[in-house]
Amino acid sequence: MIDFELEPAVIRMLDLYHASAEQMMRPISRQYDENEHEEPRQFWEAMWQASRTGANANEGAGRARNLYTCLTTEELCWGDAGLFLSIPNPGLGGAAVAAAGTPEQKARFLSRFRSGRPKWAAMAITEPGCGSDSAAITTTAQRDGDDWLINGTKIFCTAGLMSAERSEGFVVVWATVDRNAGRAGIKPFVVEHNTPGMTVVRVENKLGIRASDTAMLLFDNCRVPPSNLLGNSEVTPAGAFKDVMATFDATRPIVAAMAIGVGRAALDFVRDFFQRHNVPLRYGISPRRLTAIERDFMEMEVQLKAARLLTWRAAWMLDAGLRNNLEASMAKAKAGKVVTLITQKAVELLGPLGYSRKELVEKWMRDAKINDIFEGTQQINLMIIARRILDYSSKELN
Ligand SMILES: Cc1cc2nc3c(=O)[nH]c(=O)nc-3n(C[C@H](O)[C@H](O)[C@H](O)COP(=O)(O)OP(=O)(O)OC[C@H]3O[C@@H](n4cnc5c(N)ncnc54)[C@H](O)[C@@H]3O)c2cc1C
């Protein structure tokens, strides 16, 4: 039996998230967009405290943890996607630990997020010469006694600064332990905050999600203990690379939910504007009688709903213990495309008001595009979908 209705308790919980988005995020949205590297400390503190109480609510989500995360993510990104990404949380680094770590490592690295001061965790895969083709990683991890020495450069690492230097967080670094082994040689290492040899080279100036820090990290003989290699050190054909993919299967629905939140913000704004200016939106009449504006708006609504259903399905499958590699990419590809189209259309429908910095619509258009880039670009996700449907390997279709 499939049921897409949200239970009253879940709706009440989402109302609380919506209130946070409206009252805590929207009022500071513009400020942290215009002052990219200013740190919204008061906001972090408030969200950190809320998440510690929220952690219990999350446990209430029971087996629907991933679906629940998508629902709350949509709500908070309706508020502000950049601020959402900046909130202290285990983030991508935590997702990598959850996907690749042993039970002891999960307990050790993830428990710190339940108490104490605000913390972040990041994941560093992308390098100057490798992004979409994550199997081409050149950062190395070499044995030195029992320890590992990591050498290489990572770029565009979300929450990299906060995780590496400013909190008791960590960065999960993907490095090869055997260049000749290709994908099988790639392993994830937890590099703790302020480990000697890990340096933040710079933080990027970006088009959108400007409240979120995106860092370039240098690893120069960065020493990590053997217990920080997630999973085991054996190089086998199955390797740890499947853990990179498992991480994406969990995080792609979340990025899709981010996109849906931004798209919904733009849609809601346009709907309110139409209402205030007596622009009719007539549902239930023949499409032939609709105005061009009504058609555009209803198309935006339909596309957003389709993306949301795909996202819920991908998250639900993960919660049900089903393999969701195809569905996670479908949700991500659809939502990334839809949010880009919706926010551009919103700017278009609103005319000068949409383009003006007086309102946040132009910002949402800039914030939207990243959802089509990180966690696998639109093109890469479409290729994964094609591979899964046609049953091709990554060697056969690339
Ligand atoms: C704000 C931001 C935050 C990020 N956060 C993180 C992070 O936390 N951790 C991390 O590791 N990375 C992060 N990234 C990096 C991001 O994941 C990569 O930018 C992305 O994977 C694309 O890689 P690339 O930039 O090397 O582009 P490329 O791989 O060089 O791609 C360039 C273009 O070519 C297309 N393309 C590439 N290969 C193919 C193909 N085979 N077929 C068809 N088209 C193809 C791509 O779709 C894209 O349009 C972040 C990036 C940004 C902008």
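What follows is calculated from the coordinates using simple rules that are stated; it is not laboratory data. Quick caveat, the model's predicted, so the values are computed rather than measured. Glycine gets a Cβ as well: all are built from the backbone with ideal geometry, and neighbour counts include every protein chain shown.
Residue separation times 0.36 nm, minus the C-alpha to C-alpha distance between Glu22 and Gln379: what's the value?
On the way: separation 357, 0.36 × 357 = 128.52 nm, distance 3.35 nm.
Here the answer is 125.2 nm.
Taking the number of other C-beta atoms within 10 Å as the exposure measure, put Val235, Val224 in order starting with the fewest.
Values: Val235 17, Val224 23.
In increasing order of surrounding Cβ atoms, one gets Val235, Val224.
Principal axes first, then extents: for the Cα atoms of region 4-56, list largest minus smallest coordinate on each axis, whole Å, largest first.
Dimensions of region 4-56 along the principal axes of its Cα atoms: 40, 21, 17 Å.
Under 5 Å between amide hydrogens, which residues at least 5 positions from Lys119 or on another chain qualify, with H placed 1.01 Å from N in the peptide plane?
Sorted by chain and number, the residues that satisfy this are Asn89.
Would you mind ranking Thr126, Thr311 so that the residue whose beta carbon has the fewest other beta carbons within 10 Å leads the list?
Exposure proxy ranking, most exposed first: Thr126, Thr311.
What order do you get for Leu281, Leu397 when you list them from fewest to most C-beta neighbours inside 10 Å? Mind dumping the intermediate values first?
Values: Leu281 15, Leu397 12.
Lowest count first: Leu397, Leu281.
Answer rounded, prolate or oblate for region 90-242, using the Cα gyration tensor with square roots of eigenvalues a ≥ b ≥ c: rounded when a/c is under 1.5, else prolate when a/b is larger than b/c, else oblate.
Numbers: a/c = 1.56, a/b = 1.19, b/c = 1.31.
Verdict is oblate for region 90-242.
Out of Val270, Val173, Val302, any idea which swings most in a Gaussian network model of the chain, alpha carbons joined below 10 Å?
Val302
Would you mind telling me which residue in Gly284, Gly231, Gly354 has the biggest mean-square fluctuation in a Gaussian network model of the chain, where springs connect alpha carbons within a distance under 10 angstrom?
Of Gly284, Gly231, Gly354, the most mobile in the Gaussian network model is Gly284.
Determine the calculated [θ] at 222 nm for the chain from helices alone, applying -39500 (n - 2.57) to every DSSP H run no shorter than 4 residues and normalising by the residue count; nearest 500 deg cm²/dmol.
So the helix-based figure for the chain works out to -16000 deg cm²/dmol.
Using only the Cα atoms, work out Rg/Rh for the chain, with Rh taken as the Kirkwood radius, to two decimals.
Values: Rg = 21.3 Å, Rh = 21.8 Å.
Reported Rg/Rh (Cα atoms, Kirkwood Rh): 0.98.
Can you run the Rg to Rh ratio on region 282-398? Use alpha carbon positions and the Kirkwood inverse-distance Rh. All intermediate terms of the calculation are to be shown ahead of the outcome.
Details: Rg = 17.3 Å, Rh = 16.1 Å.
Rounded to two decimals, Rg/Rh equals 1.07.
For the Cα atoms of the chain, what angle does the longest principal axis make with the long axis of helix 241-276, in degrees from 0 to 90, nearest 10?
20
Tell me the angle of helix 91-100 to the major Cα principal axis of the chain, expressed in degrees between 0 and 90 and rounded to the nearest ten.
That works out to roughly 50 degrees.
Kirkwood Rh over alpha-carbon pairs of region 60-113, then Stokes-Einstein at 37 °C and 0.692 mPa s: what D in µm² s⁻¹, rounded to an integer? Let's see the in-between values first.
Values: Rh = 12.5 Å.
D, rounded to a whole number, is 263 µm²/s.
Nearest 10 degrees is fine. How inclined is helix 292-319 to the longest principal axis of the chain, computing both from alpha carbons?
30
Assuming R0 = 45 Å, can you tell me the calculated FRET efficiency for the pair Ala107 and Tyr283, based on Cβ-Cβ distance, to the nearest 0.05?
Plugging the Cβ-Cβ distance into 1/(1 + (r/R0)^6) gives 0.30.
Between Leu6 and Arg276, what length in nm is gained on full extension when 0.36 nm per residue of separation is reduced by their alpha carbon distance?
On the way: separation 270, 0.36 × 270 = 97.20 nm, distance 2.98 nm.
Stretched fully, the Leu6-Arg276 segment lengthens by 94.2 nm.
What lysines does Lys187 reach when the alpha-carbon gap must be under 19 Å and sequence neighbours fewer than 8 apart in one chain are set aside?
Reachable lysines: Lys106, Lys154, Lys242.
What shape does region 184-311 have by the C-alpha gyration tensor, where a ≥ b ≥ c are the square roots of the eigenvalues, rounded means a/c under 1.5, and otherwise prolate means a/b greater than b/c and oblate the rest? Show your work: numbers first, answer last.
On the way: a/c = 5.13, a/b = 2.34, b/c = 2.19.
Since a/c reaches 1.5 and a/b is larger than b/c, the shape of region 184-311 is classed as prolate.
Between Gln49 and Leu322, what's the calculated FRET efficiency when r is the beta-carbon distance and R0 is 25 Å? Round to 0.05.
On the way: r = 35 Å, r/R0 = 1.41.
That gives a FRET efficiency of 0.10.
In percent, how large is the relative contact order of the chain, given Cα pairs closer than 8 Å and 6 or more residues apart?
Working: 713 pairs, mean separation 65.7, N = 398.
Relative CO of the chain lands at 17 percent.
If you build a Gaussian network model of the chain, linking Cα atoms that sit under 10 Å apart, which residue out of Asn324, Asn381, Asn232 swings the most?
With Cα springs under 10 Å in the chain, the top fluctuation among Asn324, Asn381, Asn232 is at Asn232.
So how do 342-353, 113-124 stack up, highest first, on mean other-Cβ count within 10 Å? It would help to have the intermediate numbers written out before the result.
Numbers: 342-353: 18.8, 113-124: 21.2.
Top to bottom by mean Cβ count within 10 Å: 113-124, 342-353.
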